[in-house]
Amino acid sequence: MAQGLARKLLPGFLAIAVFMTGDGFELTFLSKYVVDQGFSSSQASLLFTMYGLVAALAGWSSGVLAELFGAKRIMLIGAGSWIVLHLVFIGVALPSHSYPLMLASYMLRGMGYPLFIYSFVVLLAQTVDPGKLASAMGWFWTSYSFGIGVFGAYLPAFITPVIGEYYSLWVSLPFSIVGMIICLCFVPKTRNANLDTMSSSDKLRELSRGVTILKDNHQIALAAVLRVICNLTLYGFPVIMPLYLATHTNGGGAWYQVTEWSTIWGLLFVVTVFGNVFWGRMGDCFGWMSQMRWWGCWLSALGTLAMYYVPQLLGHNLPFMYVCAVVLGMGISAFVPMGAVFPALEPEHKGAAVSAHNLASGLTTFCGPFIATVLLNTVGFAGVCWAYAICYISGSVISFWIRPEQPGITRKVAAN
């Protein structure tokens, strides 16, 4: 990105990092905490599954809503809803031990972060040169990783042993509030000039295009499938790994403490911080799809299986688990061009294309825990990990049918 553009967008990247720190606080310990309160592993997994379903719907609507009503406005609505529902979840639902209230409040909180972060993706698509959009998305995912993964994992690793899981959930609140304030004060506004000439029915039609585009553009539909696949473990592992590594639930080995798992998970996101920038530049230079096909899919499959088998073979061995985290982190971050692929496949309707991307992004937060919920009690942790790995390998095959027009690359390949 040009220096001036970087300065203009820097507050947005900072807001994403700070807000997602609050959102990511519970990922390394919430499933185990819920089980420790007397609920089953399936009930804990269902919390994340329904959260992901609502996140998928919010992600779908965020692209077109941001294009129609302004990215900044939708970001603020998302942040405000997250803060209110988080207060209900930790202030009322958890102390009451009412599972229906826990499920409802946590599920509805799932709409907050997609509206906040994916509306900013629309702002990027509206302001960044298409040839540099993958690099911009690299910085976006770096900010996201710093928040949800690095600070969101390492801070609880230090704080939770001191104050416990419940009060750690309260510590997450100030981060999300500060992220919203940064957005309010410093994120630039964008305006769609076509809005003034659009009727209410035109606006509704444009909103629905975020789904109908999946039917009308088959490459967008395939890209959506790949987008669902690429982050399955990113949202599935926080559900199963605290149970697999730190308890005897469903065949877990209790090799590690939850705080050790937090450092493993945090390292994965440290790797993605650098990987997002690295792969963003590599994708812009050498091709988005080949990078995701050969590096993203296969490294992710390898890292996923290694996370399961290393404890089985070596027991408590943190260095080898850190290596697994590095491999998986490099694989996941290699998918960073996905945010550029969707607008490139539908350049005339970027908001709808980004909405399709965001819908798929939300669905992966649903599908990762859903696979665990469905399979955990029947095939155990091994079956869940193999299901994730097979999905990644299938994604490598699917990618052959996705052919976006990439500035500076497509014509070069055709000429050769």
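Details
- Mean separation of Cα contacts under 8 Å, 6 or more apart, over the residue count of the stretch 11-108: relative contact order %: 27
- In the full protein context, the stretch 241-293 carries 33 Å² of accessible surface per residue, based on a 1.4 Å probe and ignoring ligands, DNA and RNA.
- Using the rule -39500 (n - 2.57) for each DSSP H run of four or more residues, divided by the residues of the chain, the 222 nm mean residue ellipticity is -26500 deg cm²/dmol.
- Note: the stretch 294-344, Cα convex hull, 59 Å³ per residue.
- Accessible area of the stretch 315-416 divided out per residue, in Å², using a probe of 1.4 angstrom: 38
- Size of the stretch 23-178: Rg and Dmax of its alpha carbons, in Å, are 16.4, 52.
- When the solvent-accessible area of the stretch 242-299 is split by element, carbon and sulfur atoms take up 69 percent of it, the probe being 1.4 Å.
- Summing charges over neighbours of Gly110, with a neighbour being any other residue whose Cβ is under 15 Å away from its Cβ, gives -1 when K and R count +1 and D and E count -1.
- Across the stretch 219-334, Cα pairs under 8 Å and at least six residues apart give a relative contact order of 29 percent.
- Modelled spin labels at Gln219 and Phe158, positioned 7 Å past Cα toward Cβ, are 4.7 nm from each other.
- Per atom type, the stretch 1-139 shows carbon and sulfur on 70% of its accessible surface, probed at 1.4 Å.
- Dimensions of the stretch 22-63 based on its C-alpha atoms, expressed as ranges along the principal axes with the largest first, amount to 38, 21, 10 Å.
- For the chain, the longest site-free run once trypsin sites (Lys or Arg not before Pro) in DSSP loop states with at most 14 other Cβ atoms within 10 Å are removed: 192-416
- Å² of accessible area per residue within the stretch 35-173, as computed with a 1.4 Å probe and no ligands counted: 32
- 37 °C / 0.692 mPa s Stokes-Einstein diffusion coefficient of the stretch 6-95, Kirkwood radius on C-alpha pairs, µm²/s: 217
- Coordinate range along principal axes, alpha carbons of the chain, Å, largest first: 58, 50, 39
- Based on C-alpha pairs under 8 angstrom that are at least 6 apart in sequence, the chain has a relative contact order of 29 percent.
- Its residue count N fixes a reference of 2.2 N^0.38 Å for the stretch 94-182, and the Cα radius of gyration divided by that reference is 1.37.
- Whole-number D in µm² s⁻¹ for the stretch 226-289, Kirkwood Cα-pair radius fed into Stokes-Einstein, 20 °C, 1.002 mPa s: 157
- When the chain is treated as a GNM with alpha-carbon contacts under 10 Å, the residue of Gln312, Gln219, Gln126 showing the greatest mean-square fluctuation is Gln312.
- Between Cys391, Cys230, Cys185, the residue with the greatest mean-square fluctuation in the GNM of the chain (Cα pairs under 10 Å linked by springs) is Cys185.
- Distance from the C-alpha centroid of the stretch 241-312 to that of the stretch 370-404: 14 Å, rounded to the whole angstrom.
The values are calculated or read from the model by the stated rules, or taken from the named source; none is laboratory data. Since the structure is predicted, the reported quantities are computational estimates derived from the model, not experimental observations. Here the Cβ is made from the backbone with ideal geometry for all residues, glycine too, and neighbour counts use every protein chain on show. We work out accessible area using only protein heavy atoms, side chains counted, and drop any ligands, DNA or RNA first. Shrake-Rupley method; radii C 1.70, N 1.55, O 1.52, S 1.80 Å.
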